[in-house]
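> Structure in structure tokens, see below.
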Amino acid sequence: GKKIKMIRLIKLIYLALLVPIMANAGDTETDIQQQVSDYVLSQIQAEPSDKVEAIANTVDQRLNLVPCQQPLVLNIKGSGEIRRNTTVDVTCPDTPGWHLFVPVKIRIQKPVVAAATPIAKGTVLSADNLTVTYIDSFLLNGDMTTDMAILIGARSKRELKTNQPIRQDQICVVCRDDTVEIIAEKGGMQIKTSGRALQDGSLHDTIRVQNIRSQRIISAVVSAVGQVKVEM
């Protein structure tokens, strides 16, 4: 009888020990998922103004992974380059340990200037009809801008929808027939005169401008709203 009672007691102790292990199993998978997300975020090079997310796949709790007694070893699979879909190699260096791959979805959103309201063709852009919105970095186009100040005073060349990012080919910073300030630079010196734009131009575009005083037609680079620059 004592032997049977002892066996039952041992079984009860064994079952009692199993409970916290099984309870911790779910926590283990959640912790792995969090560590993987944090690791990938630490590897992403982004601007402070960017919105960055790294969403790791849920680790299957049916794996019943034993909590790792040592720090997990995490590595980006492949070349180590962070892509939209990245896989992390996770290793528990215990003996015995375990090993698995965790897919991670990366989302980086960048701020760009966009229309705050519907903007009609020919509308002058201002702080009232502009806003900053976020778009996926993979959709970012080189002629979008994060600086609202450089667009104020420009005019739309087409209709723009609310929250539509504004691109340089949709506006003219200097528009045809605008009176512009021509700045001629040489050796740190500047000469300013007035001119008339003979064509539309966005920032850094080279356009033809007529010097009002001399009537001479020159090529100049659009440098700001109502301003062009030329090197002497």
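The values are calculated or read from the model by the stated rules, or taken from the named source; none is laboratory data. The shown structure was predicted, so the numbers you read here are calculated from the model rather than taken from an experiment. We place every Cβ from the backbone using ideal geometry, glycine too, and count neighbours over all the protein chains shown. When the accessible area is computed, the model is the full protein with side chains, heavy atoms only, and any ligands, DNA or RNA have been set aside. Shrake-Rupley method; radii C 1.70, N 1.55, O 1.52, S 1.80 Å.
> Considering each of LEU125, LEU100, LEU72, LEU130 in turn, give the residue that is open to solvent by less than 40 Å² (accessible area, probe 1.4 Å), touching a residue at least 40 places away in the same chain (Cβ under 8 Å) and either in contact with a Phe, Trp or Tyr (Cβ under 6 Å, 6 or more places away or on another chain) or closer than 21 Å to ASN141 by Cβ (or both).
On inspection, the qualifying residue turns out to be LEU125.
> Filtering region 133-166 down to residues that are under 19 Å from GLU47 (Cα atoms) and among the aliphatic types (A, V, I, L, M), which residue is least open to solvent (accessible area, probe 1.4 Å)?
Per the stated criteria, the residue is ILE135.
> Hey, another quick one. Is it the case that SER194 is surrounded by 19 or more Cβ atoms within 10 Å (Cβ to Cβ), more than 15 Å from VAL112 (Cβ to Cβ) and either without any contact (Cβ under 8 Å) to a residue 24 or more places away in the chain or in contact with a helix residue (DSSP H, G or I) (Cβ under 8 Å, 6 or more places away or on another chain) (or both)?
no
> Regarding PRO103, is this residue within 30 Å of ILE166 (Cα to Cα), part of a strand (DSSP E or B) and of a type outside the set (Gly, Ala, Ser)?
Here the answer is no, as PRO103 does not meet what is asked.
> Tell me which residues, restricted to region 41-75, are within 15 Å of the chain's Cα centre (by Cα), of a type outside the set (S, T, N, Q) and part of a helix (DSSP H, G or I).
Selection gives LEU41 alone.
> Just to be sure before I move on: is ARG176 outside any strand (DSSP E or B), in contact with an Asp or Glu (Cβ under 6 Å, 6 or more places away or on another chain), at pLDDT below 95 and open to solvent by 40 Å² or more (accessible area, probe 1.4 Å) in the structure I sent?
Considered against the rule, which asks whether it is outside any strand (DSSP E or B), in contact with an Asp or Glu (Cβ under 6 Å, 6 or more places away or on another chain), at pLDDT below 95 and open to solvent by 40 Å² or more (accessible area, probe 1.4 Å), ARG176 comes out as yes.
> Within region 29-42, which residues are surrounded by 14 or more Cβ atoms within 10 Å (Cβ to Cβ) and either under 13 Å from LEU100 (Cα atoms) or at pLDDT 90 or above (or both)?
GLU29, ILE32, GLN33, GLN35, VAL36, SER37, TYR39, VAL40, LEU41
> Could you say whether any residue in region 118-137 is among the hydroxyl-bearing types (Ser, Thr, Tyr) and in a helix (DSSP H, G or I)?
Scanning region 118-137, I find at least one residue that is among the hydroxyl-bearing types (Ser, Thr, Tyr) and in a helix (DSSP H, G or I), so the answer is yes.
> Here is a follow-up. Considering only region 99-143, how many residues are under 30 Å from GLN69 (Cβ atoms) and touching a Leu at 6+ places or on another chain (Cβ under 8 Å)?
Here the count works out to 1.
> Can you pull out every residue in region 197-227 that is part of a strand (DSSP E or B), open to solvent by less than 70 Å² (accessible area, probe 1.4 Å) and over 13 Å from ARG176 (Cβ atoms)?
Hits for region 197-227 are ASN211, ILE218, ALA220, VAL221, SER223, ALA224, GLN227.
> Give the residues of region 44-62 that are open to solvent by 90 Å² or more (accessible area, probe 1.4 Å) and in contact with a strand residue (DSSP E or B) (Cβ under 7 Å, 6 or more places away or on another chain), sorted by residue number.
Of everything in region 44-62, those that are open to solvent by 90 Å² or more (accessible area, probe 1.4 Å) and in contact with a strand residue (DSSP E or B) (Cβ under 7 Å, 6 or more places away or on another chain) turn out to be LYS51, ILE55.
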